[in-house]
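Q: Right, I'll just put the structure down here and ask away after.
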Amino acid sequence: MIPARLPAPRPLRRARLALAAAVLASAALIAPASAVAQDASYDSTLAQTLFEEGRRLMEANDHAQACPKLAESQRLRPGTGTLLNLALCNEALGKTATAWGQFKEALFASKKEGNEARVAFAQEHISALEPRLSRIQLKAESTPGLVVRVDSLEIPAAALGTPIPIDPGTHEVEATAPGYSVWSTKAQVGDSADLKTIVVPKLLPVPASDAAAPPPPAPRQADSATGGGSGLRTAGFVIGGAGVAAVGLGAVFGILAAGQASGAEDDPALCPDRRCSPLGRDEINAAKTKATVSTFGIGVGIAAIGAGAILVLSSGSSRTEGAPVAGARRSGAGALRARVVPLIGPEGGGVGVLGAF
């Protein structure tokens, strides 16, 4: 029998491709983390810019423009110094209750940080504001399921009857309960040490004819940033994790294939002068099998990582409120629809995201 010449370059090429694919897969995993870091850096830069602009406007006595900028800076990057400046700004606007609450919060944070200068500063302003605080006292007749709100803010039942600090100005008071008519009134609170008492009467039951009528159906909402987006994000991480495992398995088989093929070629007993005997051919064929498994695993893994990244990125940022989620199923013209499907071919397999954009 004439030995066959089987240099076996294909398993070696597949093994090298497996290692290269593993490196690419690692880069795909690093990319989302890098994007998150960039977002955090952007928020920090924007927060600092807004803080400096807010301080400039305060020095120019334009507190109406300064306070929203300081508030957004505090939301993006909370800090005791920013909070103290925001409290000063609201105090200058005459929002005594808001400023008092923010100074209280800054006082607590300064004590935890051990910053005695800020503790003394916050306490000084708290002491000056407390005698000037205006308050609203809400008293309500007993109604099952009663909810009382001031400017859309729900007041806990335990706070009814207790004078609550409130900013001077006009405030909307509303009382609701299931099966009862809505009651509302406006309260004008004075600038300094005013106490406004509001008595909420017992609510009137809704007439039987009105109560029997079913409420109009609420509009069907598309997946929100905290609903469908969360599901897409979770699915993306699960699929991406499975892809990482598949890439790792493929890389291992690629290394084994390369080693087995090289070992057979270099073994004079199996492939003398690179002309393999039947036993050498068996080794080469086994290496080919491992290379096939490696190619399939790498293909599936990279496809799964890509699909997972698409789902995670299309789920939207956690800071987006009320925005439609890219990648979620939506109806209507211009809707965006996506689904994850397995892909299998003669040279390997994978996972894809199919959709209409």
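Q: Length gain on complete extension for the stretch D194 to V206, per 0.36 nm per residue less the alpha carbon to alpha carbon distance? List each step's numbers first, then the result.
A: Details: separation 12, 0.36 × 12 = 4.32 nm, distance 3.52 nm.
Answer, rounded to one decimal: 0.8 nm.
Q: Which residue, chosen from V199, S127, Q188, occupies the Cα position most advanced towards the positive end of the dipole of segment 66-219, where the dipole is computed from +1 (Lys, Arg) and -1 (Asp, Glu) charges on Cβ about the Cα centre?
A: With unit charges placed on the Cβ atoms, the residue in question is S127.
Q: First check a/c for segment 35-80, with a ≥ b ≥ c the square roots of the eigenvalues of its C-alpha gyration tensor; if it is under 1.5, answer rounded, and if not, answer prolate when a/b is larger than b/c or oblate otherwise.
A: Numbers: a/c = 3.23, a/b = 2.60, b/c = 1.24.
Prolate.
Q: Let me ask another. What ratio of Cα Rg to 2.2 N^0.38 Å holds for segment 69-141?
A: Numbers: Rg = 13.4 Å, N = 73, 2.2 N^0.38 = 11.2 Å.
That works out to 1.19 for segment 69-141.
Q: Kindly rank 54-60, 201-207 from highest to lowest mean number of other beta carbons found within 10 Å of each residue. Numbers along the way, then the final one.
A: Numbers: 54-60: 16.4, 201-207: 13.7.
Result, highest mean Cβ count within 10 Å first: 54-60, 201-207.
Q: Rounded to the nearest 20 debye, what is the charge dipole size of segment 54-133 about its Cα centre when +1 sits on each Lys and Arg Cβ and -1 on each Asp and Glu Cβ? Show your work: numbers first, answer last.
A: Details: 11 positive and 9 negative charges, 45 e Å.
It works out to roughly 220 debye.
Q: Would you mind computing, in nm to one decimal, how far apart the modelled labels at Q65 and Q48 are, each placed 7 Å from Cα along Cα→Cβ?
A: Those two pseudo-labels are separated by 2.3 nm.
Q: Also, quick follow-up: Counting heavy atoms of the protein chains only and a 1.4 Å probe, report the per residue accessible area for segment 132-172 as a whole number of Å².
A: Numbers: 2150 Å² over 41 residues.
I get 52 Å² per residue for segment 132-172.
Q: Past 31 Å, Cα to Cα: identify those pairs from K104/K196; K112/K196; K111/K186; K104/K202, in the order given. Could the numbers behind the result be given before it?
A: Numbers: K104/K196 23 Å; K112/K196 36 Å; K111/K186 39 Å; K104/K202 36 Å.
Flagged as over cut-off: K112/K196; K111/K186; K104/K202.
The values are calculated or read from the model by the stated rules, or taken from the named source; none is laboratory data. The shown structure was predicted, so the numbers you read here are calculated from the model rather than taken from an experiment. Don't worry about glycine lacking a Cβ; one is built from the backbone with ideal geometry, like all the others, and counts go over all protein chains shown. The accessibility values were calculated without ligands, DNA or RNA, using every heavy atom of the protein model including side chains. Shrake-Rupley method; radii C 1.70, N 1.55, O 1.52, S 1.80 Å.
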